[in-house]
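Student: Mind looking over this structure? Questions follow.
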Amino acid sequence: MDNRFTGVIPPVVTPFTAEGEVDLDSLDKVVEHLIVGGVDGLFALGSSGEVAYLTDSQRDAVIERVVKKAAGRVPVLAGAIDTTAHRVIDQARRAVALGAQAIVATCPFYALNDAEEIKAHFRAIAAAIDVPVFAYDVPVRLGGAKLGRDLLVELGKEGVIAGVKDSSGNDVAFRRLVAANEAAGHPLALLTGHECVVDGMLLLGADGLVPGYGNVDPVRYAEMWRASREGAWEKVRRIQDEICAGFEIVFVPQGRSADATGIGAFKTAMEAIGIIATNEMAFPVKALEGETKDAVLEIVRAQGLI
């Protein structure tokens, strides 16, 4: 297992200007906020980075700026999220050339591949680049496609993938993956994206976490990670409860898309804290406003973040 990619590795949000362009100055502030907050790495161009909405040139600009601002203080992982292996490889090679130290890729989507074809997909990506590859298990964005435990461990034992970013929300499957990974000699760094039950995932053996809400409150996640390394599980539970109280921002009723509900709430909080200039979302998703925005800010205020 590559210990460079353990601990708190938040998926970096992509800020936008009021005109809908990527706001690189605000992105600098996000990176600094996260590093000063104690994170162990940065994951650019994940779901919280609204990667699916970005053009290739925008993706390149984000990676280049995150790498530059991080300045070697923490490793940078970059999402190469695309439909099929050849397209992922093209994205991944550009990301590596811009300084990304690991690549995060999903299984194919739109294309309907079976398990053997998915294995070939990851093998081809790994063979094409000279940095570690992480498998991104996120069924909610892939039409329900879930990466199997045995497939992941097999690819880990082969050295094809270095780890898994698990955003399945399936804690039973994650526990089984942890057990199988241990039985195989721990070839994979297993990172949980289930940010309201990180305490439980760390207790059962997760190697780190990739919390979207970490963009808002990285300090508490960093404190929780350190407490878990010390075996201070009562403290871990207390910090998790505090995080969950803040995470209530994503449950403010909106009647909107999933991206607006989660990422929109994060950005609204970050704007109020002063990390980003606007809470604008990638087109065509609308930023939170009015009573919804006010309700989010009431929670943020109660957490002492503003």
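The values are calculated or read from the model by the stated rules, or taken from the named source; none is laboratory data. As the structure is a prediction and not an experimental result, all values here were calculated from the model. Quick reminder, even Gly has a Cβ in these numbers, built from the backbone with ideal geometry, and neighbours come from all protein chains shown. With ligands, DNA and RNA removed, areas are computed over all heavy atoms of the protein, side chains included. Shrake-Rupley method; radii C 1.70, N 1.55, O 1.52, S 1.80 Å.
Student: If you go through region 205-214 one residue at a time, do you hit one that is open to solvent by 20 Å² or more (accessible area, probe 1.4 Å), more than 19 Å from Val12 (Cα to Cα) and within 17 Å of the chain's Cα centre (by Cα)?
Tutor: no
Residues are listed down the side, and each one gets a yes or a no for (1) within 14 Å of Val96 (Cα to Cα); (2) within 18 Å of the chain's Cα centre (by Cα):
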position	(1), (2)
Gly20	no, no
Val31	no, yes
Leu34	no, yes
Val39	no, yes
Ala44	yes, yes
Glu50	no, yes
Glu64	yes, yes
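Every residue, every condition in (1) open to solvent by less than 40 Å² (accessible area, probe 1.4 Å); (2) more than 21 Å from Val164 (Cα to Cα), yes or no:
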site	(1), (2)
Thr17	yes, yes
Ser47	yes, no
Gly72	no, yes
Val76	yes, no
His86	no, no
Gln91	yes, no
Gly99	yes, no
Val104	yes, no
Asp114	no, no
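Student: Could I ask something else about it? Looking for something modelled with pLDDT of 95 or more, of a type in the set (Val, Ile, Thr) and touching a strand residue (DSSP E or B) at 6+ places or on another chain (Cβ under 6 Å) - is there at least one such residue anywhere in region 78-91?
Tutor: yes
Student: Restricting to region 116-144, and then to whatever is outside any helix (DSSP H, G or I) and more than 22 Å from Gln101 (Cβ to Cβ), can you tell me which residue is most open to solvent (accessible area, probe 1.4 Å)?
Tutor: Our first condition is that a residue be outside any helix (DSSP H, G or I); within region 116-144, this holds for 129-138, 142-144.
When the remaining residues are screened for being more than 22 Å from Gln101 (Cβ to Cβ), the result is 142-144.
Values: Leu142: 23, Gly143: 85, Gly144: 52 Å².
The extreme case among them is Gly143.
Student: How many residues, within region 255-275, are farther than 26 Å from Gly200 by Cα and open to solvent by 40 Å² or more (accessible area, probe 1.4 Å)?
Tutor: 7
Student: Also, I was wondering about something else. Residues to consider are Glu289, Glu195, Glu298; find the one that is within 19 Å of Phe16 (Cα to Cα), free of Cβ contacts under 8 Å to residues at least 60 places away in the same chain and not hydroxyl-bearing (Ser, Thr, Tyr).
Tutor: Sole residue among the options that is within 19 Å of Phe16 (Cα to Cα), free of Cβ contacts under 8 Å to residues at least 60 places away in the same chain and not hydroxyl-bearing (Ser, Thr, Tyr): Glu289.
Student: Now for a different question. From the list Glu280, Glu230, Glu248, Glu242, which one is crowded, with 21+ Cβ neighbours inside 10 Å, modelled with pLDDT of 95 or more and charged (D, E, K, R)?
Tutor: Glu280
Student: Would you check if there is a residue in region 98-113 being in a helix (DSSP H, G or I) and over 25 Å from Asn3 (Cβ atoms)?
Tutor: No, region 98-113 contains no residue that is in a helix (DSSP H, G or I) and over 25 Å from Asn3 (Cβ atoms).
Student: Moving to a separate point now. If only one of Ala80, Ala52, Ala44 is more than 24 Å from Gly264 (Cβ to Cβ) and aliphatic (A, V, I, L, M), which one is it? Steps first, please.
Tutor: Numbers: Ala52 fails: more than 24 Å from Gly264 (Cβ to Cβ); Ala44 fails: more than 24 Å from Gly264 (Cβ to Cβ).
On inspection, the qualifying residue turns out to be Ala80.
Student: Return the pair list, or none, for Cβ contacts closer than 6 Å from residues in region 62-77 that are in contact (Cβ under 8 Å) with a residue 40 or more places away in the chain to residues that are assigned to a helix (DSSP H, G or I) and open to solvent by less than 10 Å² (accessible area, probe 1.4 Å), at least 6 apart or on different chains.
Tutor: Hits for this filter: Arg65/Leu27; Val66/Val31; Lys69/Val31.
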